[in-house]
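The values are calculated or read from the model by the stated rules, or taken from the named source; none is laboratory data. Worth saying up front: this structure is predicted, and the values here are computed from it rather than measured. No Cβ is skipped: glycine too gets one built from the backbone with ideal geometry, and neighbour counts run over all protein chains shown. Side chains included, ligands, DNA and RNA excluded: accessible areas come from the protein's heavy atoms. Shrake-Rupley method; radii C 1.70, N 1.55, O 1.52, S 1.80 Å.
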Amino acid sequence: MSVLVLVLAVGAACCLGFGFVLQQNAAQRAPLGDFLSPRLLLDLVRVPRWLAGMGLMVAGMALGAVALGGGELTLVEPLLATNLLFALALSRAQTGRPLGRQGWGGLVLLAGGVTAFIVAGEPRGGSAVSDPVRHWLLIGVMLGLAVLLTACAGRVRLTWGPTLLALAAGLVYGVQDALTRISGRRFSAGGPAELLTGWQPYAVVV
């Protein structure tokens, strides 16, 4: 992996982490009745802090797309997951509250897991699987699980709702990053014409 890919991936994680915190600061002030309601987004687009967080998220996604295009998904994706480190750092700076044992334990597990995955797994390129049936099956399973988790979250929104939604979002982000990498490869192979004739970039936008 080149140093540039490493810098891009870490920069993307930083933007994503900071963006998550700004969005959370705005969303936590929304009425509980807006849970899983489109009205929530309509209200938040008028909040400057939310828009700033969205801008950082877009910047992070753009940096992540470049990193995914130049590096292996199995290596860049764990680095993108370190956005939690930046999110907790900014959150602690804003609130002044200590992380506590659970917070530090989560950071240690995340850092150790990412390090172990990269060092022990030695992710590298291999032969691409071009079977479209397999691709659609994997995407369908991931998105199906995300929809199921979201439906369950609507029933237990005061207890496990946020956790289930976070898991659903993680699944969608994983599909998005995989399709982003494919889009980057199409662009590298044939430029804008090759990119725009595939369905992957439009799925990323959705």
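Sort largest first and round to whole Å: the equivalent ellipsoid semi-axes of region 138-182, each the square root of five times a Cα gyration tensor eigenvalue. Before the final figure, lay out the partial values.
Working: eigenvalues 104, 20, 4 Å².
So the three semi-axes of region 138-182 are 23, 10, 5 Å.
Based only on the alpha carbon positions, what is the Kirkwood hydrodynamic radius of region 1-83, in angstrom? All intermediate terms of the calculation are to be shown ahead of the outcome.
Working: mean 1/r = 0.0740 Å⁻¹.
Kirkwood hydrodynamic radius for region 1-83: 13.5 Å.
Only Lys, Arg, Asp and Glu count, each charged at its Cβ (+1, +1, -1, -1), so figure out the dipole size of the chain about its Cα centre, rounded to 20 debye.
Details: 14 positive and 8 negative charges, 121 e Å.
Magnitude of the dipole: close to 580 debye.
Which percent of the accessible area of region 26-110 is formed by carbon and sulfur heavy atoms (probe 1.4 angstrom)?
Values: 3530 of 5170 Å².
Of all accessible area on region 26-110, carbon and sulfur atoms account for 68 percent.
If you work out Rg and Dmax of the Cα atoms in Å from the coordinates, which of (1) 17.3, 73; (2) 17.9, 55; (3) 18.1, 52 do you get?
Answer by label: (3).
State the answer as a single residue: which of Ala12, Ala169, Leu41 lies farthest towards the positive end of the charge dipole of the chain, with beta carbon charges of +1 for Lys and Arg and -1 for Asp and Glu, about the Cα centre.
Comparing the listed Cα positions along the dipole, Leu41 ranks first.
Going highest first, how would you order 99-108, 53-62, 77-86, 159-168 by mean Cβ packing within 10 Å? Show your work: numbers first, answer last.
On the way: 99-108: 11.7, 53-62: 17.9, 77-86: 20.2, 159-168: 15.5.
Taking the mean over residues of other Cβ atoms within 10 Å, the ranking is 77-86, 53-62, 159-168, 99-108.
Averaged per residue, what accessible surface does region 1-105 expose to a 1.4 Å probe, in Å²?
Working: 5940 Å² over 105 residues.
Ligands and nucleic acids excluded, the result is 57 Å² per residue.
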